[in-house]
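Since the structure comes first, as structure tokens, the remarks are kept for the end.
The values are calculated or read from the model by the stated rules, or taken from the named source; none is laboratory data. None of these values were measured; they are calculated from a predicted model. Glycine also receives a Cβ, built like all others from the backbone with ideal geometry; neighbour counts cover every protein chain displayed.
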Amino acid sequence: MASKLKYKVTLWRRWFASTFNFRSKLIFGGSKSNFSINPGLAWKYVSKRVLPLLFVLSLVTAMFGHQIIPVSAQSIPIFPNPSVLPPPNPQPLPNYPPPQPRPQPQPQPQPQPVPPTPPTAPVRRLPQQEIRGVWITNNDLGVLRDRNRLENALSKLKQLNFNTIYPVVWNSGYVMYPSEVAQRHQIQPFVFRGTEGQDILAEVIARSHRQGLLAIPWFEFGFMAPETSELALNHPQWLTQKRDGSRTSISAAGEVAWLNPFHPEVQQFITNLILEMVTKYDVDGIQFDDHMSLPYQFGYDRYTTNLYTQETGNPPPANPKDQAWTKWRADKITAFMVQLNQAVKARKPNAIFSVSPNYYDFAYKLQLQDWLNWVRLGIVDELVMQVYRDDLTAFSSKITRPEVLESKQIIPTGIGIMAGLRTKRVPISQIQSQVRAAQQSGLGVAFFYFESLWNVGPEVAEERQSGLQAVFSRPALRARAQSVL
């Protein structure tokens with residue numbers, strides 16, 4: 001076998017040597033130094049030897065060339081038919097981050113005009129008239145009942161350039177005029193009348209108007225009533241209580257009980273009294289003070305606790321100052337005041353709805369009286385905030401609070417000033433300094449109360465009247481409400 005292979009290799013070598021012998025004289029003539037080509041012999045040689053060899057190589061290439069793949073392409077699979085693609089590679093693909101889009105230039109926002117902020121509710125604005133008022137209390141009953149003394153008092157107020165009086169009409173659970181509502185509820189077995197049998201309220205209003213003064217009756221006691229009054233005794237279900245079950249608190253008027261401002265019968269009773277008064281009399285409005293409220297300790301009566309539980313799903317908290325419990329009760333009082341305002345306006349559209357609370361922080365937290373919300377809701381036509389302070393710095397800090405500044409932009413706003421008490425005499429110099437501070441802040445004033453203006457004080461009446469004349473040197477007329485839209 002080895003000898004046969006060796007023999008075939010020898011034959012191939014001889015054939016190759018004889019075919020490509022470049023020294024053969026059949027093609028190449030001369031020596032290396034004298035090299036030349038014989039064209040005739042070369043062509044004869046190519047046709048006999050080379051062409052057959054090229055033919056054989058072409059035939060082999062045609063038969064097997066599709067299986068010959070360049071080395072550089074052997075790593076790339078070729079699939080001539082897409083339908084027979086191999087299954088996908090089970091190896092997970094590398095988790096390359098997705099290409100990030102080229103940032104596009106953002107258009108610069110163009111400034112837009114800012115629309116005006118709408119008010120919380122439609123607000124009925126009154127002219128910015130300077131309030132110069134005085135409360136006429138039950139301590140002034142002798143003046144209210146006597147026609148001559150009343151005429152002299154109103155004439156002097158007009159001389160001193162006052163423009164508003166606030167005569168008391170609701171005090172200690174009783175009204176100061178003949179009332180069918182009070183009689184119907186059996187809360188008043190008597191009627192307050194003047195020394196000549198006259199209707200006190202009707203007389204005060206008529207004489208005030210003749211002097212050019214506004215008469216805005218003052219609903220002083222609000223939801224407050226003495227525990228011994230017919231109102232409290234005949235309607236115990238109308239009273240509210242503290243968490244310990246007690247029903248009274250100590251006030252400037254002594255020990256008092258509180259009507260439940262959340263009870264529908266109480267709300268109807270108060271509404272009926274107010275509507276009766278604004279319907280029967282030519283009043284310029286009605287004023288409610290800091291007692292149209294409820295001390296924060298109250299509200300633990302059965303009716304209120306059931307209502308709170310029904311609306312919130314929880315019993316009232318033990319802490320009477322709890323924020324949610326405070327807000328719920330304050331909101332209920334606000335809702336009633338809104339309804340009361342609507343009822344008054346329906347009966348007398350031009351009636352001034354006046355309020356005279358304590359400063360806001362005290363009123364809301366301790367008396368559940370959210371009067372700033374009342375102003376924003378548009379149900380208050382006039383504000384007189386009580387600031388009974390002897391120190392001028394303390395006084396000034398209260399009258400420049402944000403809620404006062406906000407209110408005076410909307411409605412006539414004044415400050416309640418203490419003119420004196422029977423047990424406390426206030427010098428006219430203190431009264432003057434507080435009036436000037438209020439005037440410099442664009443605020444009016446109202447004095448508590450009439451008799452202490454010049455009859456109860458450390459100075460004689462003439463000196464106190466001269467002091468008042470100095471701070472009210474010019475008239476400040478107030479138009480009656482019916483001329484205001």
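Within region 364-395, being acidic (Asp, Glu) and surrounded by fewer than 23 Cβ atoms within 10 Å (Cβ to Cβ) holds for Asp390, Asp391. For region 409-455, filtered to residues that are in a loop (DSSP other than H, G, I, E, B) and among the hydroxyl-bearing types (Ser, Thr, Tyr), the residue that is surrounded by the most Cβ atoms within 10 Å (Cβ to Cβ) is Tyr449. Keeping to region 216-237, report how many residues are closer than 19 Å to Gly142 by Cβ and in contact with a helix residue (DSSP H, G or I) (Cβ under 7 Å, 6 or more places away or on another chain). Here the count works out to 1.
All of (1) surrounded by fewer than 20 Cβ atoms within 10 Å (Cβ to Cβ); (2) more than 30 Å from Pro167 (Cβ to Cβ) hold for Pro349 with one exception: (2). Could you grab me the full set of residues in region 390-436 that are among the charged types (D, E, K, R) and touching a residue at least 24 places away in the same chain (Cβ under 8 Å)? Asp390, Lys398, Arg401, Glu403, Glu406, Lys408, Arg422, Arg425, Arg436 - these are the residues of region 390-436 that are among the charged types (D, E, K, R) and touching a residue at least 24 places away in the same chain (Cβ under 8 Å). Return yes or no: is Asn358 surrounded by fewer than 18 Cβ atoms within 10 Å (Cβ to Cβ) and more than 21 Å from the chain's Cα centre (by Cα)? No. Evaluating Ala479 against the criteria (1) part of a loop (DSSP other than H, G, I, E, B); (2) at pLDDT 95 or above; (3) of a type in the set (Gly, Ala, Ser) leaves one unmet condition, (2).
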